[in-house]
Amino acid sequence: MESTFSSPAEAALQREAGSAGLRTPLDELDRVYELERVVGFVRDLGCLRVALQFPDQLLGDAGAVAARLEEATGSKMFILGDTAYGSCCVDVLGAEQAGAQALVHFGPACLSPPARPLPVAFVLGQRSVALELCAKAFEAQNPDPTAPVVLLSEPACAHALEALATLLRPRYLDLLVSSPALPLPAGSLNPNPEPLERFGRRFPLAPGRCLEEYGAFYVGGSEAISDPDLDPDLSRLLLGWAPGQPFSSCCPDTGRTQDEGVRAGRLRARRRYLVERARDARVVGLLAGTLGVARHQEALAHLRNLTQAAGKRSYVLALGRPTPAKLANFPEVDVFVLLACPLGTLAPQPSGSFFRPVLAPCELEAACNPAWPPPGLAPHLTHYADLLPGSPFHVPLPPPDSELWDAPDVSLITGDLRPPPAWKPSDDPGCSALTPKPQLELAESSPAGECGRSPLPSEPFPPVQLIQPQPPPSAASFLSSRSWKGLQPRLGQTPVTGAVSGRRGIAIAYEDEGNS
């Protein structure tokens, strides 16, 4: 239990203070961090204050990179190292606090559009790729030279995809190369026709072709990772790719390949289970997992409207990065929904660590919107913006009088019949029927024949009784049922006394405890 909800005591004693050491040799900094391109970006904008955003694993190089950029550009550099949410998102708020006129993002990035306009340059890194080994691995996985295949990669290997495609194109006729969906420079013209943008990548599809026709060959990952499911970028691709198409991955260092079909099926099964948990839930916690990605406020309003239409109670929680200890403070919540960027939503979650399951917005949409297509026909959307109006994947809620709200639904977890999620009130002002809510109880209705119901024989039957559900419990009612309700102020119940000197020292050894 201690390792689940808190850090062990030994961790604080063994933790090393101070910043991480230099991870990249000084003579490799220019190449690894593409400093020449960054210098051109700063000079072209004429910025005097620039924010440099680093993930935790690259903070050891931050000081050396900032010093070189200040020397080359004459601009003041600010290092952003501790982001409030995910390091893959652009920290627009941190850059504004530093008064920066532009931002340079280093390391893996989700490439989500920022909430506020700010010039941003992305440095994804350039990991070495064994092209010959990867080409042989591709040929072994794709013996049919006419089969359509897309070349994908992790962001740090994207620079090598065109070179890999050059080795393969003499034999393979239908080969498509993806590229990171980096923001276009200011003043540049959009390509015609515009490539398809999905999964944070651009796909230059030919007219009349669709992405669902292609298999995938992914270059990335590492054999040193014991659990590949912890890679959110690969998980995003596996969940969103067409289930009927082959998907294989290749290690860029060794050329070792793996068929990802089994892992993709496991991820989809896990997501279907989470949809069932959301349908059974009566109280939903909406976690604000980002403040810097565009349209996050609109998405939050959409999720609240969704839960209200489904007859569920929702609460918005702003907790920063979700941890088991934080979410365990809300036992009345049945499921949590993390509103974050695509990589943040699929961030690694140790099995069994969270007190309640943490869902993606797409899973809540599938659970609460009766017009959503059934499993197998609906795409798994990893970005909440795809659920909003204006997106080709947006599915509006059916009208209140639609029969979809009254369709019978059985929980695949408990086996119980779920009550209708919403009640359409009658237009008759004389109707005295109670509105059904989600837990069954007996309640009186209006006399027979009123409210549009067919007349029932009045003799010898007693007054009609309807089975009516109750609303989900509120946070106040749940708090009143708990045995411990927190610290009690007891205003006016304690005597007034003068202030006295308290204990002095630190918690490990106060002055009045001696040397024991």
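The values are calculated or read from the model by the stated rules, or taken from the named source; none is laboratory data. A quick note: this is a predicted structure, and the numbers were derived from the prediction, not measured. Cβ atoms come from the backbone with ideal geometry, glycine included; neighbour counts cover every protein chain shown. Just so you know, the surface numbers come from the protein's heavy atoms only, side chains and all, with ligands and any DNA or RNA stripped out. Shrake-Rupley method; radii C 1.70, N 1.55, O 1.52, S 1.80 Å.
Data for the structure
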| quantity | calculated |
| --- | --- |
| Matching residues in the range 87-110 - criterion: being of a type in the set (A, V, I, L, M, F, W, C), modelled with pLDDT under 90 and under 23 Å from the mean Cα position of the chain (by Cα) | Cys88, Cys89, Val90, Val92, Leu93, Ala95, Ala109, Cys110 |
| Odd one out for Gly285 among (1) open to solvent by 10 Å² or more (accessible area, probe 1.4 Å); (2) touching a strand residue (DSSP E or B) at 6+ places or on another chain (Cβ under 7 Å); (3) of a type outside the set (A, V, I, L, M); (4) within 17 Å of Ala340 (Cα to Cα) | (1) |
| One residue from Ala163, Ala156 being outside any loop (DSSP other than H, G, I, E, B), surrounded by 14 or more Cβ atoms within 10 Å (Cβ to Cβ) and either on the phi > 0 side of the Ramachandran plot or not β-branched (Val, Ile, Thr) (or both) | Ala156 |
| Members of the range 231-255 that are in a loop (DSSP other than H, G, I, E, B) and within 10 Å of Leu152 (Cβ to Cβ) | Trp241 |
| Pairs with Cβ under 7 Å, 6+ apart, first in the range 260-276 and in a helix (DSSP H, G or I), second charged (D, E, K, R) | Arg263/Asp229; Arg271/Glu363; Leu274/Glu363; Val275/Glu363 |
| Boolean, Ser128 is among the hydroxyl-bearing types (Ser, Thr, Tyr) and surrounded by fewer than 18 Cβ atoms within 10 Å (Cβ to Cβ) | yes |
| Hits in the range 351-402 - residues which are surrounded by 18 or more Cβ atoms within 10 Å (Cβ to Cβ) and among the small types (Gly, Ala, Ser) | Ala360, Ala366, Ala367, Ala385 |
| Per-region count, the range 386-401, residues within 22 Å of the chain's Cα centre (by Cα) and not in a helix (DSSP H, G or I) | 9 |
| Given (1) modelled with pLDDT under 90; (2) open to solvent by less than 30 Å² (accessible area, probe 1.4 Å), index of the condition Val177 fails | (1) |
| Near pairs, Cβ below 7 angstrom, 6+ apart or cross-chain, from the range 75-100 (under 22 Å from Leu35 (Cβ atoms) and open to solvent by 30 Å² or more (accessible area, probe 1.4 Å)) to any residue that is assigned to a loop (DSSP other than H, G, I, E, B) and not acidic (Asp, Glu) | Lys76/Leu48; Phe78/Ala98; Phe78/Ala100; Ile79/Phe54; Ser87/Pro55; Ser87/Gly107; Asp91/Thr83; Asp91/Gly292 |
| Failed criterion for Asn329 (all others in (1) more than 20 Å from the chain's Cα centre (by Cα); (2) open to solvent by less than 60 Å² (accessible area, probe 1.4 Å) hold) | (2) |
